[in-house]
Structures are given as C-alpha cells and as structure tokens.
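Step one of this worksheet: look at the structure below.
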Amino acid sequence: ENVIPESWSNVEVQLKRRHDLIPNLVETAKGFAAHESGVFERVVKARAEAMDSLVNAEMAVDSERELAAATQSFFAVAESYPELKSNANFLALQKELAMTEDRIAAARRFFNANIRDFNTMLESFPASLMAGGRTKQAYFDAEEIHFSTGLGL
C-alpha cells in the first residue's frame, strides 16, 4: 500500500519531464513553421490538461493519450520542414524526449507491477480477510499510448 504512491510518483516525475520538454519543442518549431499555429495550440492545450491530470493513474491515461496524439500531429507537421528537422536544438530536444519516453515506460512498468502485487494480495488468503475495505487499484494502462518523437526510436 505504501509502495504504490511512491511508484506513481516515479511515473509522475517522468511525465512532468516530458511535459517540460514539449514547450521547448514547440518554441523551436514556431520559428520555422509559424503558420502552423493550430497544431502548436493543440499541443500546448493537451500538455496543460495532462499536467492537471497527474493526480492519479486513472485521470492521467486519457490526457496522456490526447497529448500523444497532439504531439504526433506536431511531428507530422515538422516532417514538412527540412530546416526544422535538421536544427540542432530541435534534434537534441527530440532525442531527450525519446529518452524520457523510455524512462516513462520503465516507471510505468514498476508502478503497474506494484498495482498487480497489491491487487493479488487483496485476492489472496489470508490477506483478503484482513483487507479492511481496501479496494483494487487501477493500472496506468498506457499501453495504447504511442508517443512518437519522429526519431523512429
């Protein structure tokens, strides 16, 4: 029961890291593709919603999916701008974002393993007798979230 909040905190730290990188990507891209403001606004809005939803895993899943979709659109637009794709700052931010995605995946696996262990304990004898009204916890079911950095990593 005590490990779950700690492991969610690890996920949250990595998601915040992702959220902190996104404005830098958007600002870099604006200099090359200023007329793509709709795409930039969608990413910024999705990021704000994702930041607000970090209360727990259940709330975070939907907003992280929306952020992933918005960012995929962003990288699809970026593909149309060769100068942007070759910009050193943009490439460094993409690489950092890809590494952050790996960290998020690891933190998510750790969190979900702890949720699995807790939920299994609630269903196991004799712990189930002493559960004291505790209920199963929700996984951070982000398997369907495909957060693309455009790097093919």
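Exactly one residue among Ala33, Ala29 is surrounded by fewer than 19 Cβ atoms within 10 Å (Cβ to Cβ) and either of a type in the set (Gly, Ala, Ser) or in contact with a helix residue (DSSP H, G or I) (Cβ under 9 Å, 6 or more places away or on another chain) (or both), and that residue is Ala33.
If you filter the stretch 100-148 down to residues that are among the aromatic types (Phe, Trp, Tyr) and at pLDDT below 90, you find that the one that is farthest from the chain's Cα centre (by Cα) is Phe125. The set of residues in the stretch 120-134 being open to solvent by 70 Å² or more (accessible area, probe 1.4 Å), touching a helix residue (DSSP H, G or I) at 6+ places or on another chain (Cβ under 8 Å) and of a type in the set (A, V, I, L, M) consists of Met121 alone. Among the residues of the stretch 38-52, just one is open to solvent by 50 Å² or more (accessible area, probe 1.4 Å) and closer than 20 Å to Asn89 by Cα, namely Val44.
Got at least one residue in the stretch 35-49 being touching a residue at least 40 places away in the same chain (Cβ under 8 Å) and of a type in the set (S, T, N, Q)?
Among the residues of the stretch 35-49, not one is touching a residue at least 40 places away in the same chain (Cβ under 8 Å) and of a type in the set (S, T, N, Q), which makes the answer no.
Set side by side, the residues Glu58, Glu12 differ, and just one is touching a Leu at 6+ places or on another chain (Cβ under 6 Å), under 19 Å from Tyr139 (Cβ atoms) and open to solvent by 10 Å² or more (accessible area, probe 1.4 Å), which is Glu12.
The values are calculated or read from the model by the stated rules, or taken from the named source; none is laboratory data. The model shown is predicted, which means the values in this text are computed figures rather than measured ones. Positions of Cβ are backbone-derived with ideal geometry, glycine not excepted, and every protein chain shown enters the neighbour counts. All accessible areas refer to the heavy atoms of the entire protein, side chains included, with ligands and DNA or RNA removed. Shrake-Rupley method; radii C 1.70, N 1.55, O 1.52, S 1.80 Å.
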